[in-house]
Every structure is written in C-alpha cells, then in structure tokens.
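The values are calculated or read from the model by the stated rules, or taken from the named source; none is laboratory data. Note that the coordinates shown come from a computational prediction; the quantities given were computed from them, not determined experimentally. Cβ coordinates were reconstructed from backbone atoms using ideal geometry, including for glycine residues, and neighbour counts include every protein chain displayed. Accessible surface is based on the protein model in full, side chains and every heavy atom, while ligands, DNA and RNA are left aside. Shrake-Rupley method; radii C 1.70, N 1.55, O 1.52, S 1.80 Å.
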Amino acid sequence: MNHIIFASKNKGKIIEVSEILGEKEFKIVSLLGLDIPDIIEDGSTFEENAKIKAQTIYDNFRVPVIADDSGILVEQLDGRPGVYSARYSGESATDKENNEKLLFELENFPNPHKAKYVCVAVFYDGNKFISAFGEVQGEIIRDGKGTRGFGYDPFFVPVGYQKTMAELTLEEKNKISHRSIAFNELKKIINKKR
Ligand code: IMP
C-alpha cells in the first residue's frame, strides 16, 4: 500500500479525492489534524499553486504528495474569481461570503452567467512533478440549492443538468467534476509509471 499525502485541509475536497483515488491502491493522508502553517499560494496559475502546495508538503514530510488547486471562472467577470476563488471576498472568507460576493458582482449581468470549474492535480515525489487538468462547464444561478459539496456548488449548475452541484450525490459529482477528471487522469499516469 502506497502512502500519499493529499496536501489539503478542505474537507469537501478530501472526501471527493479519497473516493476518486480509492483505498485499494493508495492510502491517503490529509493535512487535517497536522500542525502545518497555511501555505502561501502566490502563483498566478492553478498549476503553479498546486506545485507550491505539493513542494512545501514534500519538503516537510519527504513522502509522495498529491495536491490540487481549483476554482471557478465566470465568463462575464473575465474569468474571476479564478485562482482567488477560495479567498474571493477576503483572506479567511467563508463559502457563504464568497458566494455573496459572486452574486453581487453578477447583479447587473443578464442570464445565463456562464462559468466553469477548473482543477489542476499534481503528484510530486521529490523527483519530478506530474500534472493533470480537468474542467466542467456550467452556469451560475441566483437561487442557491442543495446542501452537498462545498464552495460555490449550491450556485453552479453543470451543463446538461437541471440540478446544482450541491444537489448531486458524491457519486454523481465525481462522475463529472473538474476534480474527478483531473485526479482520474493523474491516477492513470501514476499507475502507468509503477
Ligand atoms: P483551493 O483550495 O485553493 O484549490 O481553493 C479552491 C476554491 O475554489 C474552493 O475554496 C472553492 O471556493 C472553489 N472550488 C474549487 N472546487 C470546487 C468545487 O468542486 N465545488 C465548489 N467550489 C469549488
């Protein structure tokens, strides 16, 4: 069994990624409960930020690390919040505050508010980085629905669905999400190399 650290304290992400990678091939350990200072994500792209997280955690523990950086890009907002999705309304913003800011920013734009979720997943074993990319298209609605998922999920309706991401079950979200596309691809590449 291969121990891999998933460089995240985000419970929503940890649940999704553990399910995607499965327990048979990987023993995933997250940063929850570990005394790790917040990592400064000052890259200008999702990939740079994912690599910063992976490198920082590898340097601390010297075991293989996976990390991701993800966010939502809204067409009418020229791709914002993008890499700032987690801290759109300030450094320690809650999901609720970020969603409120997003709806406020979109107030004067007509429907549909086209958007996409993007994720870059990275593996680092001290040797070299492997990266994989995923995205899912959809739109932002004003009346949030659903209690599952996290972040912007109650306001994001994927293309081809009549439900928000927060109304989908974990299994349903993991069939289509940006994160599942990126991590399934990463898993394929890692397994090929073993
Ligand atoms: P990260 O931890 O720096 O990658 O921050 C990603 C941020 O993007 C999250 O805190 C959410 O605000 C948003 N985000 C990324 N993926 C999702 C998702 O699957 N659902 C909802 N929000 C997401």
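Quick look at the values:
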| read-out | value |
| --- | --- |
| Given charges at beta-carbon only (K, R positive; D, E negative), |dipole| of the stretch 2-193 in Debye | 660 debye |
| Span per principal axis, largest first, for the Cα atoms of the stretch 2-193 (Å) | 49, 31, 27 |
| Crossing angle, helix 11-21 versus the chain [Cα axis fit, 0-90 degrees, rounded to tens] | 60 degrees |
| Average accessible area per residue (Å²) across the chain - probe 1.4 Å, nucleic acids and ligands excluded | 53 Å² |
| Reach of Lys188 by Cα under 18 Å, taken over lysines that are not fewer than 8 positions away in the same chain | Lys24, Lys27, Lys128, Lys175 |
| Rounded FRET efficiency, nearest 0.05, which uses the C-beta distance separating Ile15 from Glu97 and R0 of 25 Å | 0.70 |
| Burial order of peptide ranges 9-22, 58-71 (average beta-carbon count within 10 Å, highest first) | 58-71, 9-22 |
| The chain, relative contact order in percent, only Cα pairs under 8 angstrom and at least six apart counted | 19 percent |
| Surrounding net charge for Asn49, when Lys and Arg each add one and Asp and Glu each subtract one, Cβ distance under 10 Å | -4 |
| Sulfur and carbon atoms: percent of accessible area, the chain [1.4 Å] | 50 percent |
